[in-house]
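Enquirer: Sharing a structure below in structure tokens format, with a few things to ask.
The values are calculated or read from the model by the stated rules, or taken from the named source; none is laboratory data. What you see is a predicted model; the values in this text were computed from it and never measured. Ideal geometry is used to build each Cβ from the backbone, glycine not excepted, and the neighbour counts take in all protein chains shown. Protein only, heavy atoms only, side chains kept; ligands, DNA and RNA dropped before computing areas. Shrake-Rupley method; radii C 1.70, N 1.55, O 1.52, S 1.80 Å.
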Amino acid sequence: MPKVNGASLLRGLIGTAGLLVVLEAAGRLGAWDTERLPLVSTVLLRAGELLTDPEFLVSARSSLTTWALALLVTIAIAVPAGLLLGMVKPAEVAVRPLIEFLRPIPSVALIPLVILLYSETTHMRITVAVYAALWPVLINTIYGVRDVDPLAKETLRSFGFGPGSVAYRVVLPGAAPFIATGIRLAASVAIVLVVTSELIAGGIEGIGVYITIAQSGNRLDLMIGATILVGLFGILVNALLVAGENRLFRWHRARAGAAT
Amino acid sequence: MRRATSGVLRFWIVPVTLVLWELLTRMTESPFFPPPSRIVGQFYDMWLSGPVSQLLLTDSALDTFGPSLGRLLAGWTIAGVLGIALGVALGRIRGLAEYTDPVLQFLRALPPPLLVPIFFVLFKIGTPTQLAVIVFGVIWPVLVNTTDGVRAVDKGFLETARVFQFSRYDILRRVILPSAMPKIFAGLRLSLSLALILMVVSELVGSNSGIGYSLLYAQQSYDYAGVWAHIVLLGVLGLLFNALFLVAEGRVLSWHANARRNV
Amino acid sequence: MLELVDLSHTYGSYRAIDRVNLKVAQGEVVCIVGPSGCGKSTLLRSIAGLIKPTGGTVLLDGKPVDGSPENLAVVFQDYSRSLYPWMSALANVGLPLRRRGLDRKRRDAAAMAALEQVGLAGAAAKFPWEMSGGMQQRVSIARALAYQPKLLLMDEPFGSVDAQTREELEDLTLRVCAHHGMTILLITHDVDESVYVGDRVVVLSKAPGTVVGDLTVQLPGPRDQIHTRELDAFVRLRAEVGRLVRGMTPHRNGVETR
Ligand SMILES: Nc1ncnc2c1ncn2[C@@H]1O[C@H](COP(=O)(O)OP(=O)(O)O)[C@@H](O)[C@H]1O
Ligand SMILES: [Mg+2]
């Protein structure tokens, strides 16, 4: 990605504005039937209105809660598991084939099964999201643990610290930058899977459900507007997490930079 | 020989898990968790009990896999070609990336499954919609990796090309693309696994053919072993595609692996 | 055939070379020697059109150079960044010939002939990463030969190979280039090498580089790694060039200075 500075930001703005203007003009000049596919301005307006539309907000809150819970569950499972597998090499060697068999299974394929298992839709959505979001955190944690300076571990051990203590004092902080990257990836994956499971499995609340309802009324303006908001939310979350990583792990980047 | 056995031994956990799973499911007798032997049996009956002339695939397998895999491969190919072309343009045309960056970042952040209903309203149910979803969803890894790879071409390689007055086409075809190929392949591989996911999504949300549709059908007829068999099938397909891709990559990029090893 | 007039280049505010003047005649082998960082590569890159000098002109056959001139080849020091690792030696050597409008068969034949000249006929199908540094640099030389340039630029071409290979490559360069009648500009920081290889040695000062000496090398007989280096004339020249490179005033002890 290009470096962000004043000039490139300006160019980005020009490019974006230019595209919007062209699309709007094309729509107004009759490039397509705006009864079916609304104008850019209509869609953007609708996206803005959705932010104050109570019906949408109920759905958004539901999706947000599901997403946050899914991310928490993911972290609670994948980080300890990753630490364990990263520190105990034989365990990792043993489990690796299972991981490699399970990972390619598309999480969405579980939806029809999971629907049958849970009566509570939130649980079902969380399960589906966790199954997909688990992998980046798990793999990054294992990788991060590997990356921890063995000397630091040895030093603590030689002072008589037990494995739990070593894990907490050296391995966890050492692997933290990698874990953070994994969590950031998981956050994006979880957004997609929460709305996808809402879309596929239905329910009463959730942005996916909202879009399905809008679809039955052929309301493309609402569908696209809601989709835009989900996209912007994804960008926002990603940006926040990147900023957090940069703040927290400046030392890590300095070291990585020094190594090259 | 020794390596082969240790390779097999590495996988001991798989049979152990299967046996445990079999025992557990037989003990609990939950309808939702049929024993793996039943799942495999179902898998076999549905798809693998066909004539030798069809590689043992049943008619039902051909009817189900055909449309799915066709869409998957077509979507992936289109996305690959488009992604490489756009990535080269973004990487080589000065300024272009800066002007388009926010729009691309935004498009990339849209969850592709949400586009399924939108495209349905626009194009109605059918292959074009599913292709559009797959292409839109899987183009990004190729695009981003191509842009990066094309930007990172060693200056020495380009200077040599300039000194010997390579044509623009030769610079692109014989220098920039091969040099970016390892990155492009990494992107293509990620895209392939995403394409499988989006194929399923597009078939689950609304379709009347393919693996996703068949999975939905099994679910609606409370055929739990059938549902599981579909999940297994998708996992196997994922593994298979990945393995095939790695073989192809190993052939095309043998210079890369070797060049790195020898440095 | 090559003429540099007041050639200067500054990187930002850093002056790398300062008003370099030089004339090279057809068929001459000229070595440019100077301490590290004095702007030798900058000079070569200006001639090759890889950078646009900030001052002065480069004339090739009387015409000012703009962009990369035709009929010019370069052998870079860093062969690993100049040979393409995704191509065999034969393909690397043949690739520039596409521009010459030769068909595949002719290209391969020309590339093969060039590889034979550098003693690599048997390694045509090998990839760069399957070869030693010396072999790779031979491929680079073969690529330049096959291209049949009028002017060959070499930037510390033997700087990354071991001493023995270096001597072999020096002799190889002298031999094949005499055979082709090419004009060569070879850049080196090695005083010994400059005297051994060159018909003329041009000495650049410390940065910013400018010409401080231009000596004609007159050594009897064909050059030979052992005998030539023992000759009194060789030893004297080498000392002279060495002094110039170190920025001392030259002794005019019988060496002809232009
Ligand atoms: N692209 C560049 N930008 C800024 N400074 C450079 C660049 N290339 C070379 N230099 C500087 O110019 C000086 C001469 O470099 P160079 O021509 O490579 O010297 P030489 O080949 O004689 O060792 C050096 O001090 C180097 O640091
Ligand atoms: Mg240099």
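Enquirer: Output the residue which, of all residues in segment C:185-211 that are open to solvent by less than 40 Å² (accessible area, probe 1.4 Å) and more than 16 Å from ligand 2 (Cβ to nearest atom), is farthest from the chain's Cα centre (by Cα). Walk me through it before giving the result.
Expert: First, the residues of segment C:185-211 that are open to solvent by less than 40 Å² (accessible area, probe 1.4 Å): C:185-188, C:191-198, C:200-205, C:209.
Going one step further and asking which of them are more than 16 Å from ligand 2 (Cβ to nearest atom), we end up with C:192, C:195-198, C:200-201.
Numbers: C:D192: 15, C:V195: 13, C:Y196: 13, C:V197: 10, C:G198: 10, C:R200: 12, C:V201: 12 Å.
In this case the residue turns out to be C:D192.
Enquirer: Something else now. Here are C:R45, C:R98: which of them is basic (K, R), in the same structural domain as C:G209 (by TED's automatic domain parsing), closer than 29 Å to C:G133 by Cβ and open to solvent by 10 Å² or more (accessible area, probe 1.4 Å)? Step through it out loud before you land on a result.
Expert: Values: C:R98 fails: in the same structural domain as C:G209 (by TED's automatic domain parsing).
None of the other options fit; the residue is C:R45.
Enquirer: What number of residues within segment C:157-190 are touching a strand residue (DSSP E or B) at 6+ places or on another chain (Cβ under 6 Å), within 16 Å of ligand 1 (Cβ to nearest atom) and not polar (S, T, N, Q)?
Expert: Here is the first cut: in segment C:157-190, the residues touching a strand residue (DSSP E or B) at 6+ places or on another chain (Cβ under 6 Å) are C:157, C:177, C:182-188.
Now drop any that are not within 16 Å of ligand 1 (Cβ to nearest atom), which leaves C:157, C:185-188.
After this cut, where a residue has to be not polar (S, T, N, Q) as well, the list is C:157, C:185-187.
Residues that pass the stated criteria total 4.
Enquirer: Let me ask something else about it. Looking only at segment C:5-31, how many residues end up being touching a Gly at 6+ places or on another chain (Cβ under 9 Å) and either open to solvent by less than 10 Å² (accessible area, probe 1.4 Å) or not basic (K, R) (or both)? Let's see the steps before the verdict.
Expert: Start the filter on segment C:5-31 by keeping residues that are touching a Gly at 6+ places or on another chain (Cβ under 9 Å), which leaves C:5-10, C:15-21, C:26-31.
Now narrow it down to the ones that are either open to solvent by less than 10 Å² (accessible area, probe 1.4 Å) or not basic (K, R) (or both): C:5-10, C:16-18, C:20-21, C:26-31.
Number satisfying all stated conditions: 17.
Enquirer: Just checking: which of the helices (runs of 4 or more DSSP H) contained wholly in segment B:23-121 hold 2 or more residues that are away from every other protein chain (no Cβ under 13 Å), farther than 30 Å from A:L37 by Cβ and modelled with pLDDT of 90 or more?
Expert: Values: elements: B:36-43, B:59-92, B:96-109.
Because the criterion is at least 2 residues that are away from every other protein chain (no Cβ under 13 Å), farther than 30 Å from A:L37 by Cβ and modelled with pLDDT of 90 or more, the helices (runs of 4 or more DSSP H) in segment B:23-121 that meet it are B:36-43, B:59-92.
Enquirer: Only one of (1) at pLDDT below 95; (2) open to solvent by 40 Å² or more (accessible area, probe 1.4 Å); (3) outside any loop (DSSP other than H, G, I, E, B) is not met by A:M1, so which one is it?
Expert: Just one mismatch for A:M1, condition (3).
Enquirer: Here is a further query. Under 7 Å between Cβ atoms, which residue pairs at least 6 apart in sequence (or on different chains) link something in segment A:102-118 that is facing chain B (nearest Cβ under 7 Å) with a partner that is assigned to a loop (DSSP other than H, G, I, E, B)?
Expert: Pairs that qualify, where the first residue is facing chain B (nearest Cβ under 7 Å) and the partner is assigned to a loop (DSSP other than H, G, I, E, B), are A:L116/B:F32; A:L117/B:F32.
Enquirer: Considering each of C:D103, C:D78 in turn, give the residue that is open to solvent by 40 Å² or more (accessible area, probe 1.4 Å) and away from ligand 1 (no atom under 16 Å from the Cβ).
Expert: Values: C:D78 fails: away from ligand 1 (no atom under 16 Å from the Cβ).
Criteria check complete, one pass: C:D103.
Enquirer: Quick one: how many residues across segment A:162-176 are touching a Lys or Arg at 6+ places or on another chain (Cβ under 8 Å) and open to solvent by less than 20 Å² (accessible area, probe 1.4 Å)?
Expert: Number satisfying all stated conditions: 2.
Enquirer: Of these, A:V209, A:V192, which one is facing chain B (nearest Cβ under 7 Å) and either buried (at least 20 other Cβ atoms within 10 Å of the Cβ) or over 17 Å from the mean Cα position of the chain (by Cα) (or both)? Even if it seems obvious, please write down each step before you answer.
Expert: Working: A:V209 fails: facing chain B (nearest Cβ under 7 Å).
So the residue among A:V209, A:V192 that is facing chain B (nearest Cβ under 7 Å) and either buried (at least 20 other Cβ atoms within 10 Å of the Cβ) or over 17 Å from the mean Cα position of the chain (by Cα) (or both) is A:V192.
Enquirer: Please state which one of A:G27, A:G18, A:G12 is in contact (Cβ under 8 Å) with a residue 12 or more places away in the chain and not in a loop (DSSP other than H, G, I, E, B). Don't jump to the end; show me each part of the working.
Expert: Numbers: A:G18 fails: in contact (Cβ under 8 Å) with a residue 12 or more places away in the chain; A:G12 fails: in contact (Cβ under 8 Å) with a residue 12 or more places away in the chain.
After ruling out the rest, the residue left standing is A:G27.
Enquirer: Restricting the first residue to segment A:48-73 and requiring it to be among the aliphatic types (A, V, I, L, M), which pairs with a second residue that is open to solvent by 80 Å² or more (accessible area, probe 1.4 Å) meet a Cβ separation below 8 Å and a spacing of at least six or different chains?
Expert: Within 8 Å, the pairs are A:L57/A:L51; A:V58/A:E205.
Enquirer: Here are C:G67, C:G62, C:G37, C:G12: which of them is over 19 Å from B:A161 (Cα atoms) and more than 13 Å from ligand 1 (Cβ to nearest atom)?
Expert: Numbers: C:G67 fails: over 19 Å from B:A161 (Cα atoms); C:G37 fails: more than 13 Å from ligand 1 (Cβ to nearest atom); C:G12 fails: more than 13 Å from ligand 1 (Cβ to nearest atom).
C:G62 is the lone residue from the list that is over 19 Å from B:A161 (Cα atoms) and more than 13 Å from ligand 1 (Cβ to nearest atom).
Enquirer: Give the residues of segment C:212-246 that are within 16 Å of ligand 1 (Cβ to nearest atom) and crowded, with 20+ Cβ neighbours inside 10 Å, sorted by residue number.
Expert: So in segment C:212-246, the residues within 16 Å of ligand 1 (Cβ to nearest atom) come out as C:212-213, C:241, C:244-246.
C:G213, C:V241, C:L244, C:V245 - these are the residues of segment C:212-246 that are within 16 Å of ligand 1 (Cβ to nearest atom) and crowded, with 20+ Cβ neighbours inside 10 Å.
Enquirer: Looking only at segment B:150-165, which residues are part of a helix (DSSP H, G or I) and either free of Cβ contacts under 8 Å to residues at least 60 places away in the same chain or facing another protein chain (nearest Cβ under 9 Å) (or both)? Spell out the reasoning first.
Expert: Step one: filter segment B:150-165 for residues part of a helix (DSSP H, G or I), giving B:150-151, B:155-163.
If the condition is that a residue be part of a helix (DSSP H, G or I) and either free of Cβ contacts under 8 Å to residues at least 60 places away in the same chain or facing another protein chain (nearest Cβ under 9 Å) (or both), then B:K155, B:G156, B:F157, B:L158, B:E159, B:T160, B:A161, B:R162, B:V163 are the ones that fit.
Enquirer: Looking at C:K52, C:K40, can you tell me which residue is within 26 Å of B:L158 (Cβ to Cβ) and within 16 Å of ligand 2 (Cβ to nearest atom)? If you could, list the steps in order and put the result at the bottom.
Expert: Working: C:K52 fails: within 16 Å of ligand 2 (Cβ to nearest atom).
Just a single option satisfies the conditions, and that option is C:K40.
Enquirer: Can I ask one more? Any residue in segment A:83-104 that is out of contact with any Leu (no Cβ under 7 Å at 6 or more places or on another chain) and not in a helix (DSSP H, G or I)?
Expert: There is at least one residue in segment A:83-104 that is out of contact with any Leu (no Cβ under 7 Å at 6 or more places or on another chain) and not in a helix (DSSP H, G or I).
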